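Working notes, structure below.
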Amino acid sequence: MKYLKKGMSEENLKESDEKTKEIVSNTLKEIEEKGDKAVRNLSIKFDKWNPESFKLSSKQIKDIVSSIPQQVKDDIEFAQNNIKKFAEAQRDSMKDINVEVMPGVFLGHKNIPVDSVGCYIPGGRYPMIASAHMSILTAKVAGVERVIACTPPINGEVPKATVYAMHKAGADEIYILGGIQAMGSMAIGTESIESVDMIVGPGNAFVAETKRQVFGRVGIDLLAGPTETLVIADETSEPEMIATDILGQGEHGPTSPGAIISTSETIAKEAMEEIERQLQILPTADVARESWNNYGQVIIVENEEEAVEEADKLAFEHVEVLTKNPNYFLENMKNYGALFLGPETNVAYGDKVIGTNHTLPTKKAAKYTGGLWVGKFLKTVTYQHIESPEQSAMIGEYAARLCQLENFAGHAEQALLRVRKYGKNN
């Protein structure tokens, strides 16, 4: 393989990460110490937002719902129906089990929903309405009882379409609150916001870092930071499509990596030229250009096998396969957040409407986890039940010897007590 283009160095990326860590740490400490007062000061500082209450009332939500155009309602309903169907199918695939592993000895597991979840719906320049479906709706399908959600104001206004989507997805509480202060409030809790057991949702580097720092205090879905997009191409791929799909995700933010892996150097070079052409006319080129210039990569490989090898090393969030044989990558790739197979689909479909979840692993986390789904909101917990005293004594003999091998005298005595109580000599 060889590079036609490399992204920013690891040293520069690490320096940026360290600054983010420090800002988040100081902000969380402020929330922990000062509660609502800190949250309000942060909201004023970062969003110029100082409402009487960050939580929307039932009347406010009702008024917003009535103001939404019917076409917007229909479009949101279309997306939520797809996402709900897929989430329900995923939930149905997760079965409780009860297995008799030997006569009278039963082992099982149950899938129990988390009690409460906080969902973050990004806003700002791009109000990510779809994140309401992906997090709130999926949590509700899983059976989570209390689902609260935060989204930032946009230019000092409530983002009405986003709130409508949050409401229709089933949010029990809706807060107009953004960034670190939103994630921190849901995780830590304040006088007016009751903390949750788990926080989920995509966001920028600060949101991802907040999740990393509060993990343990609460659960998280995954560290979903700035979006990543890889396009795998060959001699049959269309340079215009490659460029469009790379820039279509690069507009997310100035730190959003985009990469091309191609078995055809000709196609890769034409795609790079097409990227430069589209950057002259794309309305969001100010952001997309920075992400491409600083984080873009172009890798030339010999064949499909090497393409898989390099793609698995990158372990990107989104992987579009625009080759003549996309199923080869479905069968052989291991490290990715979501695959988009063939030119008929694309990342935007997955992001917004088709039904799979758009909260996906970034920064190589795809090497060990998948994205947000119903199963993330469920705790798979085990139990055991021995109905036969004789079997308890028999297992106890094995357990005692194994505990003694490890020098656990107290553990062994738990087993030996059952041997004495239920053994053949009693």
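The values are calculated or read from the model by the stated rules, or taken from the named source; none is laboratory data. Note that the coordinates shown come from a computational prediction; the quantities given were computed from them, not determined experimentally. Glycine gets a Cβ as well: all are built from the backbone with ideal geometry, and neighbour counts include every protein chain shown. Note: accessible area is taken over every heavy atom of the protein model, side chains too, but ligands, DNA and RNA are not part of it. Shrake-Rupley method; radii C 1.70, N 1.55, O 1.52, S 1.80 Å.
Key figures
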quantity	calculated
Residue that is nearest to Tyr349 (Cα to Cα) [pool: residues in region 221-250 that are of a type in the set (S, T, N, Q) and under 25 Å from the mean Cα position of the chain (by Cα)]	Gln249
Residue in region 95-108 that is out of contact with any helix residue (DSSP H, G or I) (no Cβ under 9 Å at 6 or more places or on another chain), small (Gly, Ala, Ser), open to solvent by 60 Å² or more (accessible area, probe 1.4 Å) and more than 17 Å from Ala224 (Cβ to Cβ) present	no
Filter result for the condition that a residue is open to solvent by 60 Å² or more (accessible area, probe 1.4 Å) and part of a helix (DSSP H, G or I), over Arg91, Arg40	Arg40
Qualifying residue in region 316-331 (condition: among the hydrophobic types (A, V, I, L, M, F, W, C), open to solvent by 60 Å² or more (accessible area, probe 1.4 Å) and without any contact (Cβ under 8 Å) to a residue 40 or more places away in the chain)	yes
Residue that is nearest to Glu317 (Cα to Cα) [pool: residues in region 191-209 that are open to solvent by 10 Å² or more (accessible area, probe 1.4 Å) and modelled with pLDDT under 95]	Pro202
Members of region 54-88 found to be open to solvent by less than 80 Å² (accessible area, probe 1.4 Å) and not in a helix (DSSP H, G or I), listed by number	Phe54, Leu56, Ser57, Ile68, Pro69
Filter result (without any contact (Cβ under 8 Å) to a residue 40 or more places away in the chain and either closer than 21 Å to Phe377 by Cβ or within 28 Å of the chain's Cα centre (by Cα) (or both)) within region 76-116	Asn81, Ala89, Asp92, Ser93, Lys95, Asp96, Ile97
Residue in region 277-290 that is modelled with pLDDT under 95, small (Gly, Ala, Ser) and under 26 Å from the mean Cα position of the chain (by Cα) present	no
Filtered residue count, region 313-333, keeping only those that are more than 15 Å from Gly350 (Cβ to Cβ) and not in a loop (DSSP other than H, G, I, E, B)	7
So Ile188, is it β-branched (Val, Ile, Thr), surrounded by fewer than 24 Cβ atoms within 10 Å (Cβ to Cβ) and without any contact (Cβ under 8 Å) to a residue 24 or more places away in the chain	no
Selected residue [touching a Ser or Thr at 6+ places or on another chain (Cβ under 8 Å) and of a type in the set (Gly, Ala, Ser)] from Ala271, Ala315	Ala271
Matching residues, region 334-360, being touching a residue at least 60 places away in the same chain (Cβ under 8 Å), outside any loop (DSSP other than H, G, I, E, B) and of a type outside the set (Gly, Ala, Ser)	Val347, Asp351, Lys352
Residue in region 361-415 that is nearest to Gly118 (Cα to Cα), counting only those that are aliphatic (A, V, I, L, M) and assigned to a strand (DSSP E or B)	Leu378
Residues of region 147-185 satisfying the condition of being hydrophobic (A, V, I, L, M, F, W, C), surrounded by fewer than 24 Cβ atoms within 10 Å (Cβ to Cβ) and in a loop (DSSP other than H, G, I, E, B)	Val158
Selection status of Pro257, open to solvent by less than 60 Å² (accessible area, probe 1.4 Å), under 30 Å from Gly375 (Cβ atoms) and not aromatic (Phe, Trp, Tyr)	yes
Per-region count, region 210-222, residues open to solvent by 20 Å² or more (accessible area, probe 1.4 Å) and not polar (S, T, N, Q)	6
Test: residue in region 360-381 that is in contact with a strand residue (DSSP E or B) (Cβ under 9 Å, 6 or more places away or on another chain), of a type outside the set (Val, Ile, Thr) and farther than 30 Å from His109 by Cα	no
Selection from region 366-393 of residues that are crowded, with 20+ Cβ neighbours inside 10 Å and within 14 Å of the chain's Cα centre (by Cα)	Ala366, Gly371, Leu372, Trp373, Val374, Lys376, Phe377
The listed residue being modelled with pLDDT of 95 or more and surrounded by 16 or more Cβ atoms within 10 Å (Cβ to Cβ), out of Gly396, Gly423	Gly396
